[in-house]
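*Asks:* Mind looking over this structure? Questions follow.
The values are calculated or read from the model by the stated rules, or taken from the named source; none is laboratory data. No experiment lies behind these values; they were computed from the predicted model shown. Backbone-built Cβ (ideal geometry, glycine too); neighbour counts: all protein chains shown.
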Amino acid sequence: MLTAVVVTAVVGVLVVVGVCADEHQQEGWRDVEVLRRGRDWGTPDGALVSREGLLLEDRQTRVRKHASAPAYANAKPVPAKSIDSMPEAFDWSNVRGQNFLVPNWNQHIERYCGACYIHGSLSAAQDRIKIAKKGLGPDIMLSRQALLNCISDAVGKNAGGGSEGCNGGTSQEVYDFMHKVGLPDETCNHWVAKATKKCDAEAMCMNCMAYAEPVMENNKCWPVKKYVKYFLREYGLIPQDEAAIMTEIFERGPVACSLATDDVFDYNYTGGVWTRKNNMKNSNHVVEVTGWGKTKEGVKFWQARNSWGSYWGDNGFFKILRGENHMLIEEDCWFTVPDWKEEQSLREGQVVGGMFGLREKPRASENDDLNFQLELEQMAESAAGHGTSASMLHWGSLVVTMLTGLVIGAAATAFSMRRSARANYNVIS
Ligand SMILES: *[C@@H]1O[C@H](CO)[C@@H](O)[C@H](O)[C@H]1NC(C)=O
């Protein structure tokens, strides 16, 4: 009898361990694991370069300078054309009336996070996806949060790499991750400005529901295991050369460039071409460069996008002197060649979407009810073990109804109070 109990317990433990281990065998996680072991992030002089004159919190962003012989992947930029052969002004926000830039970002909410390298690099990559799709909608924003959750695991201190998530990193690290692991879009995991999870399947892509069957749970979350991932076929460093950078932008889309910013720029840029010099020797920031132009007075500039909100600078953008490696903007620019095949196969109907992620296209004989039934069964399996009583369903819906009533009541009261406040004001004026 005792033996039977022990054997059952051991088998039980093995099953549980097996399930957990299986969880970690999720596709994304396994790729990260390969990366982690591979240690092929490759800058030989990989020391973190600290920002000069650290004064303010924002200065904590650190960028690792690329090595003289960077281990960039597998590709060279497009051959540089002469500057004269390209337009005097060009920007991806307006190519013959069409915008190819997806929305602005703010890396600093809801808390400060030194993730400029994620934002600048992904901004350029996601705009290049839009360009590769020739503007075909919907626009996608890459999941900065999935990257943050997983990149610090992949290249963090333990792996001897440079990135520490919210303490800075490089475009090379971001692009190497996208090249090898791929990234979902923002709908898989939205930005909260700190690494929230160890890099398991849920850290890459998740969903939550209020579920009634088989047990009531108001917020049941689960990893989404199959979703569209965007990869980079190629990425690499562009030579420090005005024409080479312009050619990459013109031919294939925005690029990500490091920048050596200081407080005057961070806090006092209010528009126009930034020409004020600082003598900083190391970059501490990464931004997206989307185009170029020339002022009426003949000052050449890069058009660049920051990741500090639309209220910063010129609607989130800034212009900076072009052709003089001003504030180091030309010495560490990276290009990407996106791969959006998985989105294409979804469009072509080879897979279909659902609450639990992508799945194979159902056979013709299966109807929607049956599919939904299958999903419920799947749900029941993953919910097993978190069991609350089924009768909670009724209490749950009662509570929801009462709360809804309260919210509507409060909103109505607030509305009528505002109306009467306005009415009073009108009387006074
Ligand atoms: C920004 O400009 C204001 C107003 O001119 C000035 O008081 C402040 O010192 C400047 N800040 C920096 C960091 O230069």
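*Asks:* For the range 277-302, which positions are charged (D, E, K, R) and touching a residue at least 12 places away in the same chain (Cβ under 8 Å)? Let's see the steps before the verdict.
*Replies:* First, the residues of the range 277-302 that are charged (D, E, K, R): 277, 281, 288, 294, 296-297, 300.
Residues satisfying the conditions are Lys277, Lys281, Glu288, Lys294, Lys300.
*Asks:* Tell me which residues, restricted to the range 275-305, are within 16 Å of the ligand (Cβ to nearest atom) and either closer than 20 Å to Ala244 by Cα or not hydrophobic (A, V, I, L, M, F, W, C) (or both).
*Replies:* Thr275, Arg276, Lys277, Asn278, Asn279, Asn284, His285
*Asks:* Suppose the filter is of a type in the set (Gly, Ala, Ser), more than 20 Å from Ala195 (Cβ to Cβ) and within 12 Å of the chain's Cα centre (by Cα); does Ala115 pass it?
*Replies:* no
*Asks:* Could you go through the range 177-197 and let me know if any residue there is among the acidic types (Asp, Glu), more than 16 Å from the ligand (Cβ to nearest atom), in contact (Cβ under 8 Å) with a residue 24 or more places away in the chain and touching a Leu at 6+ places or on another chain (Cβ under 9 Å). Working first, answer last.
*Replies:* Start the filter on the range 177-197 by keeping residues that are among the acidic types (Asp, Glu), which leaves 185-186.
Pick out the ones that are also more than 16 Å from the ligand (Cβ to nearest atom) and you get 185-186.
If we keep only those that are in contact (Cβ under 8 Å) with a residue 24 or more places away in the chain as well, we get 185-186.
Remaining after also requiring touching a Leu at 6+ places or on another chain (Cβ under 9 Å): 185-186.
For the range 177-197, residues among the acidic types (Asp, Glu), more than 16 Å from the ligand (Cβ to nearest atom), in contact (Cβ under 8 Å) with a residue 24 or more places away in the chain and touching a Leu at 6+ places or on another chain (Cβ under 9 Å): present.
*Asks:* Moving on to the next point. If you go through the range 103-115 one residue at a time, do you hit one that is within 17 Å of Arg252 (Cβ to Cβ), modelled with pLDDT of 95 or more and part of a loop (DSSP other than H, G, I, E, B)?
*Replies:* No, the range 103-115 contains no residue that is within 17 Å of Arg252 (Cβ to Cβ), modelled with pLDDT of 95 or more and part of a loop (DSSP other than H, G, I, E, B).
*Asks:* A follow-up question, please. Given the structure, is Gly316 more than 16 Å from the ligand (Cβ to nearest atom), among the small types (Gly, Ala, Ser) and within 20 Å of the chain's Cα centre (by Cα)?
*Replies:* Spelling it out, Gly316 is indeed more than 16 Å from the ligand (Cβ to nearest atom), among the small types (Gly, Ala, Ser) and within 20 Å of the chain's Cα centre (by Cα).
*Asks:* Does the range 289-307 hold any residues that are buried (at least 20 other Cβ atoms within 10 Å of the Cβ) and part of a loop (DSSP other than H, G, I, E, B), and which are they? Explain how you work it out, then say what you get.
*Replies:* Residues of the range 289-307 buried (at least 20 other Cβ atoms within 10 Å of the Cβ): 289-292, 301-307.
Listed by number, the residues that qualify are Asn306, Ser307.
*Asks:* What are the pairs with Cβ atoms under 8 angstrom where one residue, in the range 250-273, is of a type in the set (A, V, I, L, M) and the other, located anywhere, is within 16 Å of the ligand (Cβ to nearest atom) and not in a loop (DSSP other than H, G, I, E, B)? Sequence gap at least six, or different chains.
*Replies:* Within 8 Å, the pairs are Leu259/His285; Leu259/Met327; Ala260/His285; Ala260/Met327.
*Asks:* With respect to the numbered conditions (1) over 24 Å from the mean Cα position of the chain (by Cα); (2) within 16 Å of the ligand (Cβ to nearest atom), which one is the sole condition not fulfilled by Val215?
*Replies:* Failed condition: (2).
*Asks:* In addition: What's the total number of residues in the range 245-274 that are surrounded by 19 or more Cβ atoms within 10 Å (Cβ to Cβ), away from the ligand (no atom under 16 Å from the Cβ) and in a helix (DSSP H, G or I)?
*Replies:* 5
*Asks:* Quick one: which residue in Ser310, Ser345 is surrounded by fewer than 22 Cβ atoms within 10 Å (Cβ to Cβ) and free of Cβ contacts under 8 Å to residues at least 24 places away in the same chain?
*Replies:* Result: Ser345 is the single residue among Ser310, Ser345 that is surrounded by fewer than 22 Cβ atoms within 10 Å (Cβ to Cβ) and free of Cβ contacts under 8 Å to residues at least 24 places away in the same chain.
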